[in-house]
Amino acid sequence: MFFYPSQENPPVLVVQPLNVYPNPASQSVEIGLPGIADSVGKEAFALNVYDKQGASILSKTWTGEKLDVSAFQPGVYIVTLRKKSWFIPRNLSLQGSK
């Protein structure tokens, strides 16, 4: 569940494909936005990763590069991308490295 601070223009939850692969992962993941980048532009997105308790464990500017998850503990996480009023969440499962 996500809670947002009061804003004049609250984010819009986007029900569009956000591809995070491989999923489950152990080292790094690719993030794909088919069709979305054309709608909101190709500039950077704000990327956040939250653990299952909702604590933010990563916050960065994302411009299309792979996301290194090798330092994260195994478990389920939520990856979100945000830009302007767009908000796109996706679950990510991490397993221990082999």
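If we keep just the residues of region 57-69 that are hydroxyl-bearing (Ser, Thr, Tyr) and exposed (fewer than 11 other Cβ atoms within 10 Å of the Cβ), which is farthest from ILE31 (Cα to Cα)? Steps first, answer last, please.
Applying the first criterion (hydroxyl-bearing (Ser, Thr, Tyr)) to region 57-69 yields 59, 61, 63.
Checking which are exposed (fewer than 11 other Cβ atoms within 10 Å of the Cβ) leaves us with 61, 63.
Details: THR61: 13, THR63: 10 Å.
The residue in question is THR61.
Could you tell me how many of the residues in region 70-90 are within 17 Å of SER28 (Cβ to Cβ) and either part of a strand (DSSP E or B) or in contact with a strand residue (DSSP E or B) (Cβ under 6 Å, 6 or more places away or on another chain) (or both)?
Going residue by residue through region 70-90, those that are within 17 Å of SER28 (Cβ to Cβ) are 70-75, 77, 79, 81, 90.
Applying the additional criterion that residues be either part of a strand (DSSP E or B) or in contact with a strand residue (DSSP E or B) (Cβ under 6 Å, 6 or more places away or on another chain) (or both) yields 72, 74-75, 77, 79, 81, 90.
Total satisfying the criteria: 7.
Just give me the residues in region 1-56 being among the acidic types (Asp, Glu) and either in a loop (DSSP other than H, G, I, E, B) or at pLDDT below 75 (or both), in sequence order.
Within region 1-56, GLU8, ASP38, GLU43, ASP51 meet the criteria.
Does any residue in region 73-98 that is on the phi > 0 side of the Ramachandran plot come within less than 9 Å, Cβ to Cβ, of a residue that is surrounded by 13 or more Cβ atoms within 10 Å (Cβ to Cβ) and not aliphatic (A, V, I, L, M) six or more places away or on a different chain, and which pairs are these?
Going by the 9 Å Cβ cut-off, the qualifying pairs are GLY75/ASP51; GLY75/SER93; LYS84/PRO11.
The values are calculated or read from the model by the stated rules, or taken from the named source; none is laboratory data. The structure presented is a predicted model; accordingly, all values stated were derived computationally and were not measured. Please note: Cβ atoms are built from the backbone with ideal geometry, for glycine as well, and neighbour counts cover all protein chains shown.
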